[in-house]
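Read-outs throughout are calculated quantities, based only on the coordinates presented, and are distinct from any laboratory measurement. The structure presented is a predicted model; accordingly, all values stated were derived computationally and were not measured. In this analysis, Cβ positions are derived from the backbone assuming ideal geometry, glycine residues included, and neighbour counts consider all displayed protein chains.
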Amino acid sequence: MKRAIVSVTNDLATDNRVARTCAVLQDLGHEVLLVGRKLPGSLPLERPYRTKRMRLLFNNGPLFYAEYNLRLFFLLLFSRCTLLVSNDLDTLLANFLAARLRGKQLVYDTHEFYTEVPELVERPRVRAVWLAIERRIFPKLKHVITVNQSIANAYRERYGNEVQVVRNIPAPRELPPAPERAALDLPEGKRILVMQGAGINVQRGAEEAVLAMRELPDCLLLIIGGGDAWPVLERLARERGLQDRVHLLGKMPYARMMDYTRNADLGLTLDKDTNLNYRFSLPNKLFDYLHAGIPVLATDLPEVAAIVRGRDCGVVLPAADPAAIAEAVRALFADPERYAALRGNAIFAARELDGGKEAAKLRSILEGLG
C-alpha cells in the first residue's frame, strides 16, 4: 500500500492547494495523512483522508518553527510512508532529513518565494537562517513544484533546479445557489467589494483598501480571512469611523466564503511590489473572484496583471493607493456597459482557467512516485 504524508505549518482548514494535493494522491492510490497544527480558533475538519493537527507549546517565532520541525521529524521518522510531501520552507528541514534517513522520495511544493516575503526581508538575521536552510537543501531536491512561472524561473536561476508549475486555480466545484444578500446580512442598496485570503498580511493592500472606503459611501468592503494585518485593519476601521463601510468577517469554510464573494460586485487583489514574493504572486483569490463571476481590481504585478489584462476581466492599478482605488471603483460603477463587459469576461475567463487542468498536471508529476 502506498502511503503519503503531506505536511504544512497551518491548521489545514483553509488551505485549498494542499487539499488538492491530498485528493490527487488519494486518486493515485495513496493512503494519505495530512499533518498541520491545532490553533485555538481552528475550524473543524472533515476530510476523506486522515489528518493530524499537533497542539504545540509555541504558536509563533523561532521556538514554534523549532518545535514544529522537531515533532514533525520524529513523526515522519517513525510513521509508515512511501512518499513525503513538504509544503513551504518551514516544513522542509524535517522532511528532508527524514527522507534521507529513510530513503523515501520527497516532493517539495513551495507556495511562494519564501525567503523574499516581507516578514523576512525586513528581518535580515531571521532571513539569513531560512536562506541557509534553503541553500543547503534546495539544490539536492529532485521534485520541486511552485505556483507560477515567475517563481519557477527565479528558483531555477538561483539554484539550477528544474521547477514544475501548478497554479492555484481552484477546480470547478458544485456549489449550491448563492443565498440572497439578506440571508448573509448584506445590504441590498450598496456595491460590495471583497478582499479574501488566509494571508491578509502587511503590504498586501488591505490597509489602503480600508482607507479608500472614506471616499466610497455607497460601497461596503468585506475582508474575509486572516493574517498579520488584521489588528491594523480593525484599528483603522474603528479610528476612521468606517465600521459601517468595512466588515471584517474572519476565516470561514470555502463554500461559506464563496457565498459572500458571489454576492459581491468587485474582487480586490492589491499586493504591493515591495518584495520579490509579492511581485511574482498569483493568489488564489484572483481565481475565486473569476469563478464567482465578478471583475477584479488588481495592482500591476506581472502574473496577476497578465491574466486581468489578457482576459479583460478587470482594472489594473499602477499601485495600491487609497485615492486611486476609490477613483477606479467610482469610474467602474459609473459605467454600467463597461462593468457588464468585464463581468461577462470574468465568467468566460473562469471557464478557460480550469483548475481541472492544473490537477491533471499535478497528477502527472506525482504519478509513479512513492
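Worth pointing out:
- When region 171-240 is reduced to its Cα atoms, the Kirkwood hydrodynamic radius in Å: 13.7 Å
- Shown in residue order for region 321-334 are the 3J(HN,Hα) couplings computed by the Karplus curve 6.51 cos²θ - 1.76 cosθ + 1.60 at θ = phi - 60°: 10, x, 5, 5, 4, 4, 5, 5, 5, 4, 5, 5, 6, 7 Hz (x for Gly and Pro).
- Using the Cα coordinates of the chain, the gyration tensor eigenvalues translate into equivalent-ellipsoid semi-axes of 35, 22, 20 Å, sorted from longest to shortest.
- Stokes-Einstein diffusion coefficient of region 109-242, Kirkwood radius over Cα pairs, 37 °C, 0.692 mPa s, in µm²/s: 180 µm²/s
- With 0.36 nm allotted per residue and the present C-alpha distance subtracted, the Arg256-Ala306 stretch has 15.1 nm of extension available.
- Ratio Rg/Rh [Cα only; Rh per Kirkwood] for region 295-370: 1.16
- The tail of the calculated P(r) for region 1-67, taken as Cα-Cα distances beyond 13 Å, holds 64 percent of the pairs.
- Whole-Hz ³J(HN,Hα) from phi, Karplus 6.51 cos²θ - 1.76 cosθ + 1.60, for region 344-360, glycine and proline x: x, 5, 5, 5, 5, 4, 4, 5, 6, 7, 8, x, x, 5, 5, 5, 5
- By other beta-carbon atoms within 10 Å, ranking Met213, Met1, Met258, Met195 with the fewest at the front produces Met1, Met258, Met213, Met195.
- Taking amide H atoms as placed 1.01 Å from N in the peptide plane, the amide H of His143 lies under 5 Å from those of Tyr108, each 5 or more residues away in sequence or on another chain.
- Amide H within-cut-off set for Arg53, under 5 Å, with H built and near neighbours excluded: Gly36
- Crossing angle, helix 230-239 versus the chain [Cα axis fit, 0-90 degrees, rounded to tens]: 20 degrees
- Cα centroids of region 304-370 and region 149-176: 17 Å apart.
- Binned Cα-Cα distances of region 181-352, short to long, each 10 Å bin given as a whole percent: 11, 43, 39, 7, 0
- Net charge of neighbours whose Cβ lies under 14 Å from the Cβ of Glu207, counting Lys and Arg as +1 and Asp and Glu as -1: 0
- Long-range amide H partners of Leu221 with built H, under 5 Å: Leu193, Val246, His247
- Sequence of Trp130, Trp230 once ranked by neighbouring C-beta atoms within 10 Å, starting from the fewest: Trp230, Trp130
- With the convex hull drawn over the C-alpha atoms of region 279-339, the volume per residue is 79 Å³.
- Here the spin labels are modelled as points 7 Å beyond Cα on the Cα-Cβ line, and at Thr82 and Lys357 they lie 3.1 nm apart.
- Residue-span extension gain [Leu43 to Ala341] - 0.36 nm each, minus C-alpha spacing: 103.5 nm
- Using the Karplus relation 6.51 cos²θ - 1.76 cosθ + 1.60 with θ = phi - 60°, the per-residue 3J(HN,Hα) values for region 289-297 come to 4, 5, 5, 7, x, 10, x, 10, 10 Hz, with x marking Gly and Pro.
- Ordering of 2-9, 69-76 by packing is 2-9, 69-76, highest average first (other Cβ atoms within 10 Å, averaged per residue).
- Efficiency of FRET from Cβ geometry, Leu101 and Glu180, R₀ 45 Å, rounded to 0.05: 0.20
- Distances between every pair of Cα atoms in region 135-211, grouped in 10 Å steps from 0 to the bin holding the largest one, split as 13, 24, 29, 19, 12, 3 percent.
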